[in-house]
1. Can you say whether A112 is exposed (fewer than 14 other Cβ atoms within 10 Å of the Cβ), modelled with pLDDT of 95 or more and not in a loop (DSSP other than H, G, I, E, B), as far as the supplied structure shows?
2. Of the residues G106, G94, which single one is without any contact (Cβ under 8 Å) to a residue 60 or more places away in the chain, touching a Pro at 6+ places or on another chain (Cβ under 7 Å) and either crowded, with 16+ Cβ neighbours inside 10 Å or under 18 Å from D3 (Cβ atoms) (or both)?
3. Hey, can you tell me all the residues within the stretch 49-65 that are within 19 Å of N92 (Cα to Cα) and either in contact with a Phe, Trp or Tyr (Cβ under 8 Å, 6 or more places away or on another chain) or among the polar types (S, T, N, Q) (or both)?
4. Restricted to the stretch 126-152, and to residues that are crowded, with 16+ Cβ neighbours inside 10 Å, touching a residue at least 40 places away in the same chain (Cβ under 8 Å) and not aromatic (F, W, Y), which residue is farthest from T29 (Cα to Cα)?
5. Those residues that are buried (at least 21 other Cβ atoms within 10 Å of the Cβ) and under 22 Å from R6 (Cα atoms), I need them from the stretch 41-60; list them, please.
6. Looking at the stretch 133-142, can you tell me whether even one residue there is farther than 20 Å from L32 by Cα, of a type in the set (F, W, Y) and not in a strand (DSSP E or B)?
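The values are calculated or read from the model by the stated rules, or taken from the named source; none is laboratory data. Values in this document were obtained by computation on a predicted structure and should not be read as measured data. Positions of Cβ are generated from backbone atoms using ideal geometry, with glycine treated the same way; all protein chains shown enter the neighbour counts.
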Amino acid sequence: MADFERRLVPRGRADALRLAEWFRRHRQTADLLVHSSAVRTRETADIFAEHWLPDRPRVESPELYAAPWREIVGVLRALPDSAEIVALVGHNPGIHDAARLLTGSGDVAARARLGEKMPTCACAALEFSIERWAKLETGKGALTLFMTPEGF
């Protein structure tokens, strides 16, 4: 089976559901859900939409599939400015590289863990002091949360 067509395995489905429920329980939100067009990221986005963000718009972004970090940053820079908080579902290694390179501050221990690796279904939350997504720059994000499946 081609990588693009791979489905979530049962553990991946369970991890995505636990993450969605953690976000809901902790009253985390997003204005927009953006995801790759690969089957497993669509399935993850389906779980997030159903269990965490049921009334939020969602955008499938084919450019995110196997994208390097520069392309991921380009997708982020093109986001509508009306979306202040965005949930992004992508692929390693690009999503890990983007999270590392966008992070310039935040909890030191979380930054060290993010620097080591970003396992499947891990979550990195970053805050930026920008008014427009087009102004997004590397090294300017504050890492506010880094969780791996063992943490939710």
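1. Numbers: exposed (fewer than 14 other Cβ atoms within 10 Å of the Cβ): yes; modelled with pLDDT of 95 or more: yes; not in a loop (DSSP other than H, G, I, E, B): yes.
It is true that A112 is exposed (fewer than 14 other Cβ atoms within 10 Å of the Cβ), modelled with pLDDT of 95 or more and not in a loop (DSSP other than H, G, I, E, B).
2. Values: G106 fails: touching a Pro at 6+ places or on another chain (Cβ under 7 Å).
One residue alone meets the criteria, G94.
3. S61, Y65
4. Ranking the candidates gives L136 first.
5. T41, T44, A45, I47, F48
6. no
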